[in-house]
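In what follows, a structure is listed as structure tokens, so that the remarks can point back to it.
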């Protein structure tokens with residue numbers, strides 16, 4: 001069966017960037033980290049959350065890719081990007097990435113996003129990321145995630 005158009009867009013972006021990862025569509029929703037983990041049969045820590053923030057005062061988009069088990073420490077992200085950040089609304093996310101919240105992939109965005117990668121993801125061998133649609137994901141290694149996002153690896157998990 002052909003992929004949904006937004007999932008095919010991610011598959012095409014993967015191929016164009018030289019990655020062999022394959023997008024799969026799931027029968028159940030993978031909109032949240034918990035749903036994605038249940039759908040693919042893994043621990044929630046192996047799910048890549050792609051979160052888009054708006055930097056202040058510049059207004060630029062910043063994507064944070066974090067382990068599904070972690071809460072993001074916004075102060076730690078601020079230290080990496082050099083500006084305060086705030087959660088972006090759904091319209092801003094779609095405008096900057098080309099995707100709706102719940103399906104934002106780590107690549108193939110409408111505009112180039114600065115990215116910060118949760119260092120905890122690098123401790124895992126296989127992780128899963130959204131692929132443009134709430135029912136689509138793809139497996140990858142953490143090294144691939146860093147290469148495809150061009151992200152800065154940092155300690156951004158909120159502890160305690």
Add -39500 (n - 2.57) for each DSSP H run of 4 or more in the chain, then divide by its residues: what number comes out at 222 nm, to the nearest 500 deg cm²/dmol? -7500 deg cm²/dmol
When a footprinting reagent is the concern and you count Cβ atoms within 10 Å, what order do 42, 115 take, fewest first? 42, 115
Between residue 119 and residue 56, what length in nm is gained on full extension when 0.36 nm per residue of separation is reduced by their alpha carbon distance? 20.3 nm
Work out the FRET efficiency for residue 90 and residue 1 from their Cβ-Cβ distance, taking R0 = 35 Å, and round it to the nearest 0.05. 0.80
Please give the contour-minus-distance gain from residue 71 to residue 100: 0.36 nm per residue of separation, less the Cα-Cα distance, rounded to one decimal in nm. 8.4 nm
Say each of residue 22 and residue 152 gets a label point 7 Å from the Cα, pointing the same way as Cα to Cβ; how far apart are those two points in nm? 3.7 nm
Can you give me the Rg/Rh ratio for the chain, using Cα atoms for both radii and the Kirkwood formula for Rh? 0.94
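Bear in mind that the values in this text are calculations on the coordinates, not laboratory data. Since this is a predicted model, take the numbers as computed values, not measurements. Backbone-built Cβ (ideal geometry, glycine too); neighbour counts: all protein chains shown.
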